[in-house]
1. Leaving ligands, DNA and RNA out of it, work out the accessible area of residue 121 with a 1.4 Å probe and give it in Å² to the nearest 10.
2. List, in the order given, every pair from 267/317; 416/437; 188/257; 171/249; 133/257; 188/317 whose Cα-Cα distance in the structure shown is over 22 Å.
3. Enumerate the lysines that residue 366 could reach by cross-link, defined here as Cα to Cα under 28 Å, with residues fewer than 8 away along the same chain left out.
4. Output the peptides 367-373, 124-130 sorted from most to least packed, where packing is the average of other Cβ atoms within 10 Å over each peptide's residues.
5. Within 10 Å, count the other beta carbons around each residue, average over each peptide in 316-326, 241-251, and list them highest first.
6. Restricting attention to the range 164-213, which GluC sites (Glu not before Pro) occupy a DSSP loop and are surrounded by at most 16 other Cβ atoms within 10 Å?
7. For the pair residue 391 and residue 190, how long in nm is the line joining their label points, each one 7 Å along Cα→Cβ?
8. Quick one: net charge around residue 233, please, counting Lys, Arg +1 and Asp, Glu -1 for every other residue with C-beta under 15 Å from its C-beta.
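The values are calculated or read from the model by the stated rules, or taken from the named source; none is laboratory data. As the structure is a computational prediction, the values presented were derived from the model and not from experiment. So basically every Cβ, Gly included, is an ideal-geometry build from the backbone, and we count neighbours across all protein chains shown. Quick note on the areas: whole protein, heavy atoms, side chains included, nothing else; ligands and nucleic acids left out. Shrake-Rupley method; radii C 1.70, N 1.55, O 1.52, S 1.80 Å.
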Amino acid sequence: ARPAALRSARQLGRSRLAAAMVLALHSQHAQEDSQVASSTEVQAVPLAAQIADLELRVNACLAKLGMDSGGTAAVLEQLEKVNFGGDKPKTLDEVIADVAQGSARLMMKEDSQGTCRLVRVVDTVLLRLWSMKDGGNVLVERIATAGEANTRAVEEFRLPGAHRERGETQKDTVTRIRATILHTGDLKMQFNFERTDSFTTEEDTAQIPGLRTLHRIEIVEGFVTSADLEMRSRFSVDQVEGTFTRVDKTGRERNFKWMTEEQALDKQVKLRSDPLSAYSMPVLTPIEAVRSQLTGTMCQRVAEVGKKVDAIFSRDKRLPELEQSVHNLEPWSQAEPSQASAVFQKERTKRNYIAEHAAQLHDFTKALAEIKRLDACINTPSLQDLPGCNERLRRMEARSAVATAAAARLHTQVSKIAEDYHTAMVGLSEQLVNWDKLLSGGA
C-alpha cells in the first residue's frame, strides 16, 4: 500500500511541479530577454523564435514529469467523432446537453497510467445515522426489486441518501434528505460534516450505452439527539429492529429499518469506505474545463492547473503531510553511488561532534548511573512488601471480627448460666428456710 500511496502523491504533485517549472522558465526567459535588450552587441531574437523555444522547454519539462500535454486533446478529438447511444446515436454535444439537464456531470477521468476517458459523474450523499451518540442501531433503507418469473422479490439494504444536485453543498443535501425522504420533522439530529468517508463506484450507463457512470459517494455520520420519547417512538428509534415507512415527493414508498452494525454488515450494507480509498480517488476534469483549457493560452492553463491542485490540497489536509513525507524520502529513493561521499561526510561530522563533546557525554553517563543506583532507594524492598502487608492486615481484621463475635456469643452464654445459677441458689435457699421452719415447728 505504501508504494501505491507514494505513486498517488507523486501524481498529485506533478501538476504543482509543472506549474512551478513553467513559471521558472518564464522568469528565466524574461531575464534572458532583458539581457539581450540591454546588450548592443547581440542581435535581438525574434518573438516567434522565443515562443517556440519556450514551448520546447515546457514540453521537455512535461515529458520529464511523465505528463503528456497532448493526451487530453487527443482523447477529446476522438470523442468528437464517436456516436453514443446505440440504436439512436448521439454526438458529444448532444450527450453534454442531455446530461446537463440532470444532476450528473460529464468529466474526463485520468487513471494512474495517464489514460483519459469520458465518464458521467454522479455525486451521492449517504447518511450513517445512529440511534444514539455512543452507537446503538444504524438506520438502513430496504429496497425490494422484482425478481424474474416465479421467483421471489430480491431485498437490498443500503444507507439512506440521495444524489447531490447542482449547486448544493453537502449540508444542503443532508437537509433535503431529512425533509423530503426521511420526513424527520422535529426529530433532532447532529451530523459531523468535518470528517466524512468517500469512495467511488463505476458502472455502465443504461440511458447512454457506451458511456460509463462514476458514482462519487460521501458518507456523513450522525446520531439522533432528541430526548422526546414520543418523537423517538414515531420513528421506532428505541424498538428492537424497528421499522417505519415514508413517501417521498415523487410518491414512492420507502421503507427504513434500524439494525445493529453486525446485522447491517451481514446484509452487505457498506457502512464505511476502505482505508486507502482517499488516496485512490481518480483525477476528474469537467469536460467544459477541458475544452476551455485546449483553447486558452498556456499561462491560463497553468494557472487553472495550479488552482485545481491547491483546491485538492485544501480539501484533504493529509495530502500536504504526505507530500512532505514523499519529499523527505525522495533523496533516498533517488540516491546514486556518487552521493556516497556526502553520506560519509555527514557520518564523519557526527563522529567529530561526539568526540568534541565526549566530556559532557561522560558526565551524562555518570548522572544516569547515579539515577540507576538511587532507583533502589526510591522503591525499597519494604515499600514493595506493602501490598502483601495490606492483604495480611485484611485477613487479621477478618479473624479479629470472627473472634469478637465468638467472644460476644460466649459472654451471652456465660451470663445466662450465671443467671440460672443465681436463680437456682435463691430457690434452694428459700427451700432450706422452709424446711428449717418446719423442723423448728415440729420440735
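1. 0 Å²
2. Where the Cα-Cα span goes over 22 Å, the pairs concerned are 267/317; 416/437; 188/317.
3. 350
4. Numbers: 367-373: 9.7, 124-130: 22.7.
Sorting 367-373, 124-130 by mean packing, highest first, produces 124-130, 367-373.
5. Going from most to least packed, we get 316-326, 241-251.
6. Answer in residue order: 165.
7. 4.5 nm
8. Details: positive: 188, 232, 234; negative: 186, 228, 230, 238, 241.
So the surrounding residues net to -2.
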